[in-house]
Amino acid sequence: MSTGISPNLALDQEVARLRAAGERVLHLGFGEARLPLHAGLARALADGSGHTAYGPVAGRPEVLTAVAGYHGRRGLPTEGEQIVVAPGSKPLLMALVAAVDGDVLLPRPAWVTYAPQARLMGREAWGVEIPERCGGVPDPSALADTLRRMRQRGRKPGLLVLTLPDNPTGTLAPPGLVREVCEIARAADLTVVSDEIYRDLLHDPATTFLSPAEAAPERTVVTTGLSKTHAVGGWRIGSARFPAGDRGPELRARVLATASEVWSSLAGPLQGVARYAYDEPPELTEHVARGARLHAAVTRAVHRIMTDAGARVRAPDGGFYVYPDFEPARAVLAAQGAADSASLERVLLERAGVAVLGGHHFGDDPGALRFRVATSLLHGGTERLRRIAMESDDPTDLPHIRRELEHLAQVLTKLTA
Ligand SMILES: Cc1ncc(COP(=O)(O)O)c(C=O)c1O
């Protein structure tokens, strides 16, 4: 059972403490999107203040229709009755664990919260190695192997969680791989959760995205939200799309049962925000596209810095993370006290003033020298700087971003030379 608060949030608080004590910390450890707030979202929030009633547990009908439309425009025809909105996708993910019998299968590494949620629900979490080329999905043969081992141990596999694009690796699983993994899920009768919270932040808009909900429509629940796309994590707006057909209504009813006992409904004013955002008016899609371009430029620059410092790093496809592996520098790092993922995280913070999250928090091999870098924190510490970054055609050349990138490069060169 987990006894501490989630490592993401714990590190953020630790950095705030160090900074308050006067220390310079380059904070690359928190998964917050850091884009300027769009005026239309602010207006929708203010306009919604009259919504003081609890309202229906799933969300108001016009909000569910807006979310259904969002999925429809992404190749997934959807009815409002397949949707639930909630205060963030996190509680929906937890409710899904509660809704499906059996253990939870995760890519290894995977987002910090999936495994603790499974354990809080009394389930075992099984991490399955990711392929060489990308994260967010397990390697198909490792998945088949794990399913065999689970059955040998008398465990029942229930839920498979996939992340497209992925946190922590920042990569997107290609269609062929998604199909292969979905076939295995079908053969094992798993329920698939496809966490697509970074979907609208692909770095190249021409990238082909195949949702597991297209490959295995009968068994896939898609979760998403506004936290990353619109950088409003603190507003807590998430949604789930359930499959049509046999499995969907039953699963949705179970999630609604949990919702009704835990959070009742998404806050009334925020449902107005959800409706506006999921309707995707042109002024908002333009803003999202600019945000994705900013994430792409900064994330690619950090990827280059990590590669130049000698790490092996998968090239990022979307979102705002890279996940370097400093195995090639093991001897040099060991001499400085960084012999595994936890000590590397500590050395980076205490000696170099760089805050990142070690790979062990993502279920990865604790002996490996891997960590996650959240690049969006480089966009700027104030709304004004973030707006300048968003409007720039070459954000990595802006003084406030260039300075931090150069600092990061220097620190890593010193540590690994
Ligand atoms: C992969 C992934 N899923 C879900 C979430 C949670 O998002 P929300 O703010 O919708 O609860 C995050 C946030 O860090 C995430 O990285």
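The protection proxy used here, the mean number of other Cβ atoms lying within 10 Å of each residue, ranks peptides 242-249, 131-138, 171-178, 51-58 as follows, highest first: 131-138, 171-178, 242-249, 51-58. Counting charges near Glu327 (Lys, Arg +1; Asp, Glu -1) among other residues having Cβ under 9 Å from its Cβ returns a value of +2. For region 274-288 versus region 294-364, the spacing of their alpha-carbon centroids is 34 Å. Charging the Cβ of each Asp and Glu at -1 and of each Lys and Arg at +1, and nothing else, the dipole of the chain about its Cα centre rounds to 600 debye. Taking label positions 7 Å along the Cα-Cβ direction at both Glu81 and Leu9, the computed distance is 3.6 nm, reported to one decimal.
To the nearest µm²/s, what D does Stokes-Einstein give for region 311-352 at 20 °C and 1.002 mPa s, using the Kirkwood radius over alpha carbon pairs as Rh? In µm²/s, the coefficient rounds to 190.
Packing here is the average count of other Cβ atoms within 10 Å per residue, and on that basis the peptides 269-278, 364-373, highest first, run 269-278, 364-373. Residues Lys228, Lys90, Lys156, Lys414, sorted by accessible area with the largest first, give Lys414, Lys156, Lys90, Lys228 [1.4 Å probe; ligands and nucleic acids excluded]. Would you work out which of Leu226, Thr207, Ser341 lies farthest towards the positive end of the dipole of the chain? Charges go on Cβ: Lys and Arg +1, Asp and Glu -1. Positive-end residue among those listed: Ser341. A helix-only calculation puts the chain at -13500 deg cm²/dmol for mean residue ellipticity at 222 nm, using -39500 (n - 2.57) for each DSSP H run of at least four residues, averaged over all residues. In the chain, the DSSP beta bridges split such that about 45 percent are antiparallel, to the nearest 5. Give me the net charge for the shell around Ala368: Cβ to Cβ below 9 angstrom, other residues only, Lys and Arg +1, Asp and Glu -1. After counting each charged neighbour, the total is -4. The slack between Arg73 and Thr207, meaning 0.36 nm per residue of separation minus the straight C-alpha distance, is 46.7 nm. The Cβ shell under 12 Å around Ser392 holds other residues with a net charge of +1, Lys and Arg each +1, Asp and Glu each -1. The shape of the chain comes out oblate: with a ≥ b ≥ c from the C-alpha gyration tensor, a/c is at least 1.5 while a/b does not beat b/c. Counted over region 39-279 with a bin width of 10 Å, the fraction of Cα pairs per bin, in whole percents, is 8, 34, 37, 17, 4, 0. Taking Cα centre as origin and charging only the Cβ of basic (Lys, Arg, +1) and acidic (Asp, Glu, -1) residues, the dipole magnitude of region 39-279 rounds to 420 debye. Calculated FRET efficiency, Ser141 to Ala39, Cβ-Cβ distance, R0 = 56 Å: about 0.65 to the nearest 0.05. Against the compact-protein benchmark of 2.2 N^0.38 Å, the Cα-based radius of gyration of region 70-171 scales to 1.15. Model label sites at Thr307 and Ala253, defined 7 Å from Cα along the beta-carbon direction, differ in position by 5.2 nm.
The values are calculated or read from the model by the stated rules, or taken from the named source; none is laboratory data. Nothing here was measured: the structure is a model prediction, and the numbers come from that model. Virtual Cβ from ideal backbone geometry, glycine too; neighbours counted across all protein chains shown. Keep in mind that these areas ignore ligands, DNA and RNA; they rest on the heavy atoms of the full protein, side chains included. Shrake-Rupley method; radii C 1.70, N 1.55, O 1.52, S 1.80 Å.
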